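The block underneath contains the structure these notes are about, expressed in structure tokens.
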Amino acid sequence: MKTLVDPTHALARGLGAIRAQYQVPQDFTPEVLAAAEVAAKRVPRDHVDHTDRAFVTLDPASSTDLDQAFAIEAAGGDLLLHYAIADVAWFVADGDLLDAEAWRRGETLYLPDGKAPLYPPVLSQGAASLLPDVTRPAVVFTIRVAADGAVKLDGVERAVIRSRAKLAYETATDADLPAGFAELARRIAAAEQARGAARVDPPEQEVSAIAPGDYQLVFRPRLAAEEQNAALSLATNMAVADALVAHHTGLFRVMAAPDAGAIARLRNTAQAYRLAWPAEVTLDDYARTLNAADPHQAAFMLAIRRAGQGASYAPYREGVTPWHAAMAATYAHATAPLRRLADRYVVQAALAIANGRAIPDAVTAAFETLPKVMAKADALAGQIDRAVIDLAEAVMLSNEVGRPFAAVVTDADERGGRIQLSDAPVMARVLAPKLAPGDAVQVRLTGVDVEKRSITFERID
């Protein structure tokens, strides 16, 4: 999802330049749109009928590309999560025009002024989206969640469902949500803590107008329903990953922990934000104490996310345990096929395994080629996110040229160093001799170029 929102459209001109620079797709070709119209008319036939089950969706209020719907039931001391995932493979066939375009794009790209979807809207926001009060094809994963939060894949089947409600993070109440929703999320969170996971979900940043032509960057803390909803995808993705490993196949999301150098830089960033991170406390343990409602702690959560070596995709290899350090678990992406190309293939593999069938050859082959395709798509999304943040920082500071700022050096070389401002979620380089990591410095903003998305500082102490 996008990491910054712009409700006042302060970034409109600059966003246009970013779209042009990174060649963000503006639309689909007429041929792909025509293929999508035909695919959207495809009637489900290999699906059981689960329209009697009370599925609901939970997403941002404005979302229409709904990948997931869920229902929950008790099973003794366990909870059964029935997690319906958009059956994209029902509409998109290997090698067709829609498939080729999806492989070219890799994933949906998000910017504050809109998105460039992976699939044409007639599918991603229409026939394949799990919208309310209409029958939709889905792949339903049944996940058994034990009292201690352990998860197991109990079954996978193609089904037609009918979502009862499109719930929104901003307005959903406990009464709207299925019984067991909060308890299931609590179990998953407890299991995360028990295994030492340090998943950090920083809040979105928002460009906020404080006066005509004057802006600031603020954080929008994640809502409770948003945090709880993430547990459903986490439980499903972990259960699917375990099933894939057991069958010696699959595509996994893997990530190494931040190295010693990154952790040292993060300690300097914490110092800049005046956060008390005791020397004897590990990054993982400290991360679990952070409160996104505090602006400095929210900014530090964002710094942690940026400090990692980055997540990537890896196919199954005999004798290798695919590992995601932040999850402290083996993990796959299966729950967002409308937005990520790789998920479509993981869903198909899980469906085959759960029903005693051979995994299609095209899926097995895709597991070998997807890592490179997804790495390219992830890199582009990361570059766009960084450009958007750079633009927002330039807009925010455009009226502050000449102003002094307190900062801390996070890392340095012979020419200067990278600094973290103490009162804004802004990092920049400053050219100055004899800087050392951890130095508290005073700097002056000497220039802002909104068009180039650049800011410059000089040391003044």
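The values are calculated or read from the model by the stated rules, or taken from the named source; none is laboratory data. What you see is a predicted model, and the numbers here were worked out from it, not measured in a lab. Glycine gets a Cβ as well: all are built from the backbone with ideal geometry, and neighbour counts include every protein chain shown.
Computed values, structure above
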{"quantity": "Selection within region 284-335 - over 19 Å from the mean Cα position of the chain (by Cα), assigned by TED's automatic domain parsing to the domain that holds PHE70 and among the hydroxyl-bearing types (Ser, Thr, Tyr)", "calculated": "TYR316, THR321"}
{"quantity": "Among (1) touching a Phe, Trp or Tyr at 6+ places or on another chain (Cβ under 6 Å); (2) crowded, with 20+ Cβ neighbours inside 10 Å; (3) assigned by TED's automatic domain parsing to the domain that holds PRO212, the one test that VAL430 misses", "calculated": "(3)"}
{"quantity": "Residue within region 392-404 that is without any contact (Cβ under 8 Å) to a residue 60 or more places away in the chain, among the acidic types (Asp, Glu) and farther than 29 Å from TYR22 by Cβ present", "calculated": "no"}
{"quantity": "Residues located in region 289-337, provided they are assigned to a loop (DSSP other than H, G, I, E, B), under 27 Å from LEU275 (Cα atoms) and free of Cβ contacts under 8 Å to residues at least 40 places away in the same chain", "calculated": "THR289, ASN291, ASP294"}
{"quantity": "Qualifying position, being out of contact with any Ser or Thr (no Cβ under 8 Å at 6 or more places or on another chain), over 16 Å from VAL134 (Cα atoms), in the same structural domain as ARG344 (by TED's automatic domain parsing) and of a type outside the set (Ser, Thr, Tyr), among ALA54, ALA20, ALA61, ALA40", "calculated": "ALA20"}
{"quantity": "Residue count for region 408-417, restricted to those that are under 17 Å from ILE460 (Cα atoms), assigned to a strand (DSSP E or B) and out of contact with any Asp or Glu (no Cβ under 9 Å at 6 or more places or on another chain)", "calculated": "1"}
{"quantity": "Candidate set from region 6-26 (those that are of a type in the set (Gly, Ala, Ser) and in contact (Cβ under 8 Å) with a residue 60 or more places away in the chain); member that is farthest from GLU107 (Cα to Cα)", "calculated": "ALA10"}
{"quantity": "Which numbered condition TYR286 fails, given (1) free of Cβ contacts under 8 Å to residues at least 40 places away in the same chain; (2) outside any loop (DSSP other than H, G, I, E, B); (3) within 24 Å of MET396 (Cα to Cα)", "calculated": "(3)"}
{"quantity": "Qualifying residue in region 433-440 (condition: surrounded by 21 or more Cβ atoms within 10 Å (Cβ to Cβ) and touching a Phe, Trp or Tyr at 6+ places or on another chain (Cβ under 9 Å))", "calculated": "no"}
{"quantity": "Every residue from region 248-282 that is touching a residue at least 60 places away in the same chain (Cβ under 8 Å) and over 18 Å from GLN420 (Cα atoms)", "calculated": "HIS248, THR249, GLY250, LEU251, PHE252, ARG253, VAL254, MET255, ALA256, ALA257"}
{"quantity": "Qualifying residue in region 388-404 (condition: closer than 30 Å to LEU251 by Cβ, within 23 Å of the chain's Cα centre (by Cα) and surrounded by fewer than 17 Cβ atoms within 10 Å (Cβ to Cβ))", "calculated": "no"}
{"quantity": "Selection within region 442-461 - modelled with pLDDT of 95 or more and hydrophobic (A, V, I, L, M, F, W, C)", "calculated": "VAL443, LEU445, VAL448, ILE455, PHE457"}
{"quantity": "Residue that is surrounded by the fewest Cβ atoms within 10 Å (Cβ to Cβ) [pool: residues in region 446-461 that are closer than 16 Å to ARG403 by Cα and of a type in the set (A, V, I, L, M, F, W, C)]", "calculated": "ILE460"}
{"quantity": "In region 373-427, the residues that are of a type in the set (Asp, Glu), in contact with a Lys or Arg (Cβ under 6 Å, 6 or more places away or on another chain) and assigned by TED's automatic domain parsing to the domain that holds ARG344", "calculated": "ASP390"}
{"quantity": "Residue check, GLU157 surrounded by fewer than 21 Cβ atoms within 10 Å (Cβ to Cβ) and either under 19 Å from LEU232 (Cα atoms) or in the same structural domain as PRO371 (by TED's automatic domain parsing) (or both)", "calculated": "yes"}
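Residues are listed down the side, and each one gets a yes or a no for (1) touching a helix residue (DSSP H, G or I) at 6+ places or on another chain (Cβ under 8 Å); (2) among the small types (Gly, Ala, Ser); (3) in the same structural domain as ALA365 (by TED's automatic domain parsing); (4) surrounded by fewer than 18 Cβ atoms within 10 Å (Cβ to Cβ):
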{"site": "PRO203", "(1), (2), (3), (4)": "yes, no, yes, no"}
{"site": "ALA209", "(1), (2), (3), (4)": "no, yes, yes, yes"}
{"site": "PRO212", "(1), (2), (3), (4)": "no, no, yes, yes"}
{"site": "LEU217", "(1), (2), (3), (4)": "yes, no, yes, no"}
{"site": "ALA224", "(1), (2), (3), (4)": "no, yes, yes, yes"}
{"site": "GLN228", "(1), (2), (3), (4)": "yes, no, yes, no"}
{"site": "ASN237", "(1), (2), (3), (4)": "no, no, yes, no"}
